[in-house]
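Structure first, commentary second.
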Amino acid sequence: MSDNTATTTLQIHQIHTTDDFPSWITRDQLAHFLHESLKPYEDAVPDIKGALGYVFGEDGGRGGFILIGEIDRKPVGALVMLHTGMKGYIPEDILLFIAVDPSVRGLGVGGKIIKEAIALCPGDVKLHVEYDNPAKRLYERIGFTTKYAEMRFHK
C-alpha cells in the first residue's frame, strides 16, 4: 500500500456509543485488533475489553470515544480515549490505546488518527508509552512531552 493510498482512502469513524460501530467491525473484533496491532506492547484482550467498557460509561466510567481508521472496510488503525472527569494535574483525557496495523505503519495513519482525537478533546491529553516504543517519536512530533515518570505499587 503506498503512502498516497493510505492517506487518501483512509476514513476515520467516531464511536461514542456501542450503536456507532460500523457494520464491518464489532466491539470484540476491535479488542482483538488492538491486541494484535499493539504487539509487542499489547495488553490482554480482557483488559482492553474492560477499558472499552469505561469508554462507554459502563461500570462507572466517565465516557470517552473511539476512532477507527478504515481502508476498504478493514481496520488499519484505532484509538481509545477516556474522559477522566478531572482537570489540571490529571488531564481531562487519557489516550488509552493507539494501534496501527503493521502493514500501514509509517504511512501517517497513526498521526492522522491522533490529531483528530486531540481536536475532539476539550482539554489536555495524556498517554503512557514505554521508553523503548518507537511510536514515542511520533507522539513527540505531535507535541506530547514527558513531564512525569510513572511509578506503580502492585498489591
Beyond 20 Å (Cα-Cα) in this structure, taken from Lys115/Lys136; Lys49/Lys155; Lys49/Lys147; Lys112/Lys136; Lys126/Lys147; Lys126/Lys155, we find Lys49/Lys155; Lys49/Lys147; Lys126/Lys155
Given Cβ charges of +1 for Lys and Arg and -1 for Asp and Glu, the option among Gly61, Ile90, Ile142 whose Cα lies farthest towards the positive end of the dipole of region 3-142 is Ile142
A correct Stokes-Einstein calculation for the chain, using the alpha-carbon Kirkwood radius, 25 °C and 0.890 mPa s, returns a whole-number D in µm² s⁻¹ of 153 µm²/s
With DSSP loop assignment and no more than 14 other C-beta atoms within 10 Å, the chymotrypsin sites (Phe, Trp or Tyr not before Pro) in region 62-155 are Tyr89, Tyr131, Tyr148, Phe153
Diffusion coefficient in µm²/s returned for region 1-91 by Stokes-Einstein, Kirkwood Rh over C-alpha pairs, 10 °C and 1.306 mPa s, is 113 µm²/s
Exposure proxy check on Arg152, Arg105: fewest-to-most Cβ neighbours within 10 Å is Arg152, Arg105
Here the Kirkwood hydrodynamic radius of region 92-142, Cα-based and in Å, equals 11.7 Å
Checked region 39-111 with the C-alpha gyration tensor, a ≥ b ≥ c its square-rooted eigenvalues, rounded below a/c of 1.5, otherwise prolate if a/b is larger than b/c and oblate if not; verdict prolate
Rounded to the nearest 500, the 222 nm mean residue ellipticity computed for the chain from DSSP H runs (n ≥ 4, each -39500 (n - 2.57)) alone is -9000 deg cm²/dmol
For region 57-89 the trypsin sites (Lys or Arg not before Pro) that pass both the DSSP coil test and the at-most-10 other-Cβ-within-10 Å test are Arg73
Here the longest stretch of the chain that holds no GluC sites (Glu not before Pro) in a DSSP loop having at most 14 other beta carbon atoms within 10 Å is 1-129
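Since every read-out is calculated from the coordinates, none of them should be taken as a lab result. Since the model is a prediction, treat every value here as computed from it, not as a measurement. Every residue, glycine as well, gets a Cβ built from its backbone with ideal geometry; the counts of neighbours run over all protein chains shown.
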